[in-house]
Amino acid sequence: EKGEHRHFMSKEVHEQPEVLSYALQHYAGPGRDRIEGAADAVDFTGTDRLIMVACGTAFYACQVAKYWFEQIAGMVVEIDIASEFRYRNPPLRDSDMALFVSQSGETADTLAALNYCKGKAGSIVSVVNAMESSIARASDAALPIHAGVEVGVASTKAFSCQLTVLLSLAIHAGRTRGHLSAADEAQLVSRMFELPRLMNEAIATEPQIAKLAQWLAGARDILFLGRGLMYPMALEGALKLKEISYIHAEGYASGELKHGPIALIDENVPVIVFAPRDALFEKLVSNMQEVMARGGRVLLVTDAEGAEIARHGTAEVLVMPTVDPRLAPMVYAIPAQLIAYHTAVTKGTDVDQPRNLAKSVTVE
Ligand code: M6R
């Protein structure tokens, strides 16, 4: 039931701090200083290459996780969307691990990609919400995300729980492969436990987002920009907006701007920049200034320090809590979702049942 919420999507966005904390309990030890429990079902030690495959939002979770597995576990990682992977006949080896991410566990392309890997990759792992699903059953190990039932077609809480499980797996891989020290693991895991509080702080910006939606709802096209971990978040923000508000949106790695998309910029195309104050902040800000120099109107989503440095010349600033940059995707998922939600509500579209879309895509 929706309870006090107007839509399931709103309820599910608001549930995230709670379900993420519940998911974390299954992946972290009681001391909150190491990953143990469900992640122990996966052995990364004999794996040379991790291949992650999914569709839509679940694919963007893989795209975020690629950075984590590379940086935290030093692993070679490939990612692909299932509809491409399944028909490409990619060569696989016994030393590969194939990992599939799916909320429903029934997505036709993802299941077909999994079946392709059977007997070719050394092991097949899935990260799913529905543990009774086809994808879970066909895997050597299926790891639950514990998000609870997700009703809204736009995936929200499943995404943040997928991220939580994938980060836990990257940490587990890092330790067991000798790439992550116990001290670094303890720091990272204890910070993961701060996420529910930080996500609540992000949710507290909702009234400001609802006002901003008046501006965004009038746009025909919207651009989302980010770098590093915020690049897949830009893609996710654009997908959420497209699917429920029907506004054309694109996510771009901001370094790609001058290779084409900057030609789109004028005062009618709002540009939303996800910019926590991380190692790539300066570079992102200089891309943002190039946009503003061409008349682009920017909504800067950053933290207090970032706002202090870069707010000049922007149209609007949304201040997120300060977070360890490695964990920023879980916090910035909130504005990505709420921007789409309030823009759709302002436009009066059917938020929970957008036209042409199904919750579970069981045909290709
Ligand atoms: O059930 P799955 O996670 O396999 O679904 C994958 C996509 O269909 C899904 O994430 C879709 O992109 C969502 N509607 C995005 O909000």
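The values are calculated or read from the model by the stated rules, or taken from the named source; none is laboratory data. What you are looking at is a predicted structure, and each value in this text was computed from that prediction instead of being measured. Glycine gets a Cβ as well: all are built from the backbone with ideal geometry, and neighbour counts include every protein chain shown.
List of remarks:
- Failed item in (1) more than 27 Å from L180 (Cα to Cα); (2) in a loop (DSSP other than H, G, I, E, B), with T57 passing the rest: (2)
- P276 falls short on exactly one of the conditions (1) on the phi > 0 side of the Ramachandran plot; (2) touching a residue at least 40 places away in the same chain (Cβ under 8 Å), and that condition is (1).
- Pair list, Cβ under 7 Å, 6 or more apart: the stretch 32-59 residue farther than 18 Å from G122 by Cβ and touching a residue at least 40 places away in the same chain (Cβ under 8 Å), other residue among the aromatic types (F, W, Y) and within 16 Å of the ligand (Cβ to nearest atom): A54/F100; T57/F159
- Any chance A154 is within 13 Å of the ligand (Cβ to nearest atom), in contact with a Pro (Cβ under 9 Å, 6 or more places away or on another chain), assigned to a loop (DSSP other than H, G, I, E, B) and touching a residue at least 12 places away in the same chain (Cβ under 8 Å): yes
- Residue pairs whose Cβ atoms lie under 7 Å apart, sitting 6 or more positions apart in sequence or on different chains, and linking a residue in the stretch 91-111 that is touching a residue at least 12 places away in the same chain (Cβ under 8 Å) to a partner that is assigned to a helix (DSSP H, G or I) and within 7 Å of the ligand (Cβ to nearest atom), are F100/T110; V101/A58; S102/A58; S102/T110; Q103/A58; Q103/A158.
- Only listed residue being surrounded by fewer than 18 Cβ atoms within 10 Å (Cβ to Cβ), in contact with a Lys or Arg (Cβ under 7 Å, 6 or more places away or on another chain) and within 16 Å of D221 (Cα to Cα), chosen from E267, E305: E267
- Among the numbered conditions (1) more than 15 Å from the ligand (Cβ to nearest atom); (2) surrounded by 18 or more Cβ atoms within 10 Å (Cβ to Cβ); (3) farther than 21 Å from C161 by Cβ; (4) not aromatic (F, W, Y), the only one that D109 does not meet is (1).
- In the set (1) in contact (Cβ under 8 Å) with a residue 24 or more places away in the chain; (2) in contact with a Gly (Cβ under 6 Å, 6 or more places away or on another chain); (3) farther than 21 Å from S160 by Cβ, M292 fails one condition alone, (1).
- Checklist (1) touching a Pro at 6+ places or on another chain (Cβ under 8 Å); (2) surrounded by fewer than 21 Cβ atoms within 10 Å (Cβ to Cβ) applied to V128, failing item: (2)
- Checking L166, L180, L212, L143 one by one, the residue that is within 30 Å of E316 (Cβ to Cβ) and of a type in the set (A, V, I, L, M, F, W, C) is L212 and no other.
Results for (1) aliphatic (A, V, I, L, M); (2) under 28 Å from K240 (Cα atoms); (3) at pLDDT below 95; (4) more than 16 Å from the ligand (Cβ to nearest atom), shown as yes or no for each residue.
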{"site": "E1", "(1), (2), (3), (4)": "no, yes, yes, yes"}
{"site": "S21", "(1), (2), (3), (4)": "no, yes, no, yes"}
{"site": "E36", "(1), (2), (3), (4)": "no, no, no, yes"}
{"site": "Y87", "(1), (2), (3), (4)": "no, yes, no, yes"}
{"site": "P90", "(1), (2), (3), (4)": "no, no, no, yes"}
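- Residue satisfying all of: in the stretch 41-72; closer than 17 Å to G228 by Cβ and touching a Phe, Trp or Tyr at 6+ places or on another chain (Cβ under 8 Å); surrounded by the fewest Cβ atoms within 10 Å (Cβ to Cβ) among these: Q63
- Condition met for F44 (modelled with pLDDT of 95 or more, within 16 Å of the ligand (Cβ to nearest atom), more than 15 Å from C161 (Cβ to Cβ) and aromatic (F, W, Y)): no
- Considering residues of the stretch 128-150 that are within 12 Å of the ligand (Cβ to nearest atom) and touching a residue at least 40 places away in the same chain (Cβ under 8 Å) only, the residue farthest from the chain's Cα centre (by Cα): E150
- All of V153, V165, V128 fail the test of being within 29 Å of S10 (Cα to Cα) and at pLDDT below 95, apart from V153.
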